[in-house]
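Engineer: Below is one structure. I have some questions about it.
The values are calculated or read from the model by the stated rules, or taken from the named source; none is laboratory data. The shown structure was predicted, so the numbers you read here are calculated from the model rather than taken from an experiment. Cβ placement follows ideal geometry from the backbone for every residue including glycine, while neighbour counts extend to all protein chains displayed.
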Amino acid sequence: MIEYKTKEEYRKWAKEVRKSLDLKDISVQIENKIKNLHAYKSSKNVMSYLAKDIEISLAGLFENKTKNWYLPTVIDGGKKPQLYTIPYIPDKTKLQKGQFNILEPELINDVYFDQIEKFINLDLIFVPGLCFDKNGSRLGFGKGYYDQFLRLNQKSFKIGCCPKKCLIDILPTDDWDIKIDLVITE
């Protein structure tokens, strides 16, 4: 097993590993596992994400019309930009490229939840990450938006999805890192 000392070393490694994998096939396998999870079956309000090219895609889950879907967006409201969630209706919600060249739902009529002044109870949150460890720690892209957002949603069940090759024993962590409840691999 590869062991690095810094988060940046793990980020670089995970990005390289992912380039060699069939992420479409791995994504389908992970989606199929998710569909059988009690946490997924019993959830009503679910936040997911639209995957970048090196991330696990969960887009097939959006076909489940019994869920209220939400997607993240980064909003700069005059203070430090933060992650908000916006309702998402597949094939109806207009998407646009956001701050990090990631597809995000268009903000219309201030219909968003910042989880501070405007709160929505999210039963389940799918959390993207480059790699995860067996203790529930995750390594994202290093901006800290998800850790801040997850801190505001402590009652939500949090699932990270990654290829088996990106699930490691122990990641370096900081005090502000928020753990997830479950990691799913292919």
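Engineer: Select from the range 117-134 the residues that are polar (S, T, N, Q) and either at pLDDT below 95 or closer than 14 Å to residue 174 by Cβ (or both) and list them in ascending order.
Structural biologist: Selection gives nothing.
Engineer: In the range 53-83, how many are basic (Lys, Arg) and at pLDDT 90 or above?
Structural biologist: 2
Engineer: For residues in the range 142-174 being closer than 15 Å to residue 14 by Cβ and under 11 Å from the mean Cα position of the chain (by Cα), which is surrounded by the fewest Cβ atoms within 10 Å (Cβ to Cβ)?
Structural biologist: For the range 142-174, the residue satisfying everything is 162.
Engineer: Cβ-Cβ distance below 7 Å, separation of 6 or more or different chains: which pairs start in the range 128-146 with a residue that is under 17 Å from residue 84 (Cα atoms) and end on one that is acidic (Asp, Glu) and outside any helix (DSSP H, G or I)?
Structural biologist: Correct list of pairs: 128/55.
Engineer: Among the residues of the range 161-178, are any without any contact (Cβ under 8 Å) to a residue 60 or more places away in the chain and closer than 21 Å to residue 34 by Cα?
Structural biologist: Within the range 161-178, one or more residues are without any contact (Cβ under 8 Å) to a residue 60 or more places away in the chain and closer than 21 Å to residue 34 by Cα.
Engineer: Related question: Take the residues in the range 103-128 that are in a loop (DSSP other than H, G, I, E, B) and under 15 Å from the mean Cα position of the chain (by Cα), then tell me which one is surrounded by the most Cβ atoms within 10 Å (Cβ to Cβ).
Structural biologist: 122
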